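Only the coordinates and a few stated rules stand behind these numbers; no lab work does. Values in this document were obtained by computation on a predicted structure and should not be read as measured data. Heads up, the Cβs are rebuilt from the backbone with ideal geometry, glycines too, and the neighbour counts pull from every protein chain shown.
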C-alpha cells in the first residue's frame, strides 16, 4: 500500500517537472503558472473552509494586499534593495491582515456573520484601491514590477517561473500537512468537530481560530507575491469578488478537506475556462453547467472520487 | 480538605431561577453524588462550575482560589474535567485521535516545531500515542482504537467520552449522567470503572445520576437538588429517609 503511494507520488512529481516540456507554447506555459499560483490560493482558502468550517468571502484581500505590497515596494517606491525582501513583505502584510481581521472578528463571529464581514472588508479594500488613485494608481494599477532572481537564474519567463511557483506549492502542501498534525491544527479540527467538547479539554477556540486564519492569509499572501512578480502589472481587479468566487469554486469543485482537491479544482478552472473552443461568454455558461452537474453528482468534489477510481485501477495494475 | 466550594450560587435565565443560593462542599478524593428530579438544576450547576455558564450570583472556589467566571478552557487548565449529558465526541475522528486531541493541554510543541518536524515534536507525538493506548486499555477500548467514533456502539461511545475527559489529566472529574441509556450490565461495568478512577487514580468525582439505586451504591456523600434549591445532603441512608426528598421524588408520581 505504502509503496503504491510512493509510485503515485513519483509519477505525479515527474509529470509536474515535465509539464513545461510537454506544453511548449508560451500561452499554455503561462496557464501552467497561473494554475500553480491558484493552487496555493485555493489550498489557503481550504484551511478556512475545510478545517475551520467557516466561509470567507474576503480571501482575495490578503492575496491582493500582498501583490500591492510587492507593487509599492518593488515598482512604485523602489525602496527595497532586494526583490526577495519585497516578496517576503507581501506575505508579512497578508499575515498581519489575517491576524488583525481574525482577532477582531473571531471572538464572537462565526458562520454567516463571518462570511458577511469578510465580504464587507473585501468590498471596502476594492473601492479603496480603485478610487484612491493618487496613492494606488487607480484602475491602471502598478506596472513594471521587476523580476525575481536567484544566483544564476532570472525568473522572467513562464518556463523558469513555473519551477519557482511549483517549489512554493510543494512548500505550501508540506506546511499544511504538518500544521494539521500540530497541536494547533488538531485544536482547530477539534473545534470544528465539537466546540463545547474542545473547550472542555482546554482548547481556547479564539486563539487557534485566529492562528489558522492568519496562516490561511499568509499563504494567500504567498500566492499574491508570486502573482505580482509573475504578471509584473497588477490592478485593483485583484480585490474584486471574481477572485474569491474563483477560489471557492476551485475548492468546492475539486474537493474540500483534501490536498488534491483544491489543486485539481484549480487545474480544471484554469485550463478548461481558457481552452474551451467557444467564445468567452459561452465558456462561462458551459463551465457553469459543468460545475452544477459535478456538485449534484459529486457533492464532495472531484478529488475523492478520482482518488477512489485511481486506487482501484492501481490495484488492478499491480496484481 | 475541600477541593471545591460552591458558595451561594444563583443562576437566572430571564426570570426563571434555575439555581437558588446553592452551597456545596466537595472533599478531596471523595465521590459526590448529585441527584434530583428533571429540571432541578443539576446540569446548570455543572455548567456554572465548568465555566460554560456565568452565575448570576455566588462564587466557585477551587482549592481555595476563586474560579468564578473563568472560561471553560481556563477551568480545564486548572485540572477540572467534565463529560456531557448527551454523548459528546469528535465523531469523525478515530477513537485514538479523540484521546490524543483530549491530551491537548499536555502538548508543548509549538506550531513551528511541528512544521519543522523537530525531534522534540516527534518524541512528544510518540508519547501521546503511548499515553492514549494506556487510557484506552484502562477503559477497555483498545481494540476499537482505529474505529471512527461515530461507528462505535452506544455503550462504547459513553466510555470514550469519559476517556477523553480523563485524557486531560484532571484532579476533579464531573460526570453528567454517564450511564444514561446503557443497559444494566453496561451500567454496572461503567460504575466499576468510575470507582477505579476514584480509588486508583485518586481523582475526586462529582457524579450526576438519575438512577437512585446506582448512586446510592457508590457515593458516600449525596446532594439532592429540587427546583434549583439544595433540598438535602448526607449519606445514602440519611437521604433515603429524608422526608423532603421522598416527597420531592414521590410528588412526581402523585401528580402523574
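Could you tell me, in Å, what Rg and Dmax come out for the Cα atoms of chain B?
19.2, 67
Among A:14-27, A:205-218, what's the highest-first ranking by average C-beta atoms within 10 angstrom per residue? Write out the running numbers ahead of the final one.
Values: A:14-27: 12.2, A:205-218: 23.4.
Top to bottom by mean Cβ count within 10 Å: A:205-218, A:14-27.
Applying 1/(1 + (r/R0)^6) with R0 = 45 Å to the Cβ-Cβ distance of residue A:282 and residue A:10, what FRET efficiency is obtained, to the nearest 0.05?
Values: r = 39 Å, r/R0 = 0.87.
It comes out at approximately 0.70.
For the range B:2-49, compute the orientation-averaged projected area of the C-alpha convex hull (one quarter of its surface), in nm².
Spelled out: convex hull of the Cα atoms, projected over all directions, averaged, 3.5 nm².
Shielding by partners for A:204-213, please: the mean number of other protein chain Cβ atoms within 10 Å of each residue's Cβ.
2
Give me the percent relative contact order of chain A, please, defined on Cα pairs under 8 angstrom at least 6 residues apart.
30 percent
Roughly how many Å is it from the Cα centre of the range B:115-188 to that of the range A:288-316, as a whole number?
Taking the Cα centre of each part, the range B:115-188 and the range A:288-316 sit 35 Å apart.
Round to a whole angstrom and tell me the spacing of the C-alpha centers of the range B:33-47 and the range A:247-286.
About 54 Å separates the Cα centre of the range B:33-47 from the one of the range A:247-286.
Once you keep just the Cα pairs under 8 angstrom separated by 6 or more residues, what percentage relative contact order results for the range B:15-134?
The value is 15 percent.
Residue A:289 versus residue B:213, label points 7 Å from Cα toward the beta carbon: distance in nm?
Using points 7 Å along Cα→Cβ, the separation is 6.9 nm.
Got a sec? Which residues in the range B:105-124 would a label at residue B:134 touch, if it sits 7 Å along Cα→Cβ and we count backbone N under 20 Å?
Those under the cut-off are B:105-109, B:120-124.
Please report the Cα spread of the protein assembly as shown along all three principal axes, rounded to whole Å, starting with the longest.
Principal-axis extents of the Cα atoms in the protein assembly as shown, largest first: 91, 64, 48 Å.
Say each of residue A:17 and residue B:108 gets a label point 7 Å from the Cα, pointing the same way as Cα to Cβ; how far apart are those two points in nm?
With each label placed 7 Å out from Cα toward Cβ, I get 4.1 nm.
According to the Cα gyration tensor, what semi-axes, each the square root of 5 times an eigenvalue, does the equivalent ellipsoid of the range A:9-73 have, listed from largest to smallest in whole Å? Working shown, then result.
Values: eigenvalues 151, 73, 16 Å².
Calculated on Cα positions only, the semi-axes equal 27, 19, 9 Å.
Where q = 0.15, 0.17, 0.24 Å⁻¹, what log10 of I(q)/I(0) comes from the Debye formula for the range A:262-308, counting one point per Cα?
-0.41, -0.52, -0.90
Roughly how crowded by other chains is peptide A:181-193, in terms of the mean Cβ count from those chains within 10 Å of each of its Cβ atoms?
Taking the mean over all residues of the peptide, I get 6.
Find the Cα radius of gyration of the range B:1-99, compare it with 2.2 N^0.38 Å by division, and give the number to two decimals.
Here the answer is 1.16, to two decimals.
Stokes-Einstein at 25 °C, 0.890 mPa s, Kirkwood radius from Cα pairs: D for the range B:90-153 in µm² s⁻¹?
In µm²/s, the coefficient is 197.
How far apart, in nm, are the 7 Å Cα→Cβ label points at residue B:71 and residue A:207?
For the pair residue B:71/residue A:207, the computed spacing is 0.9 nm.
Which percent of Cα-Cα pairs in the range A:2-318 sits in each 20 Å bin, short to long?
Calculated P(r), rounded to whole percents: 31, 59, 10, 0.
For the range A:153-290, which semi-axes, largest first and in whole Å, follow from the square roots of 5 times the eigenvalues of its Cα gyration tensor?
Working through the eigenvalues yields semi-axes of 32, 20, 14 Å.
How shielded is B:71-80 by partner chains, expressed as the average number of their Cβ atoms within 10 Å of its Cβ atoms?
Partner-chain Cβ atoms within 10 Å, mean over residues of B:71-80: 4.
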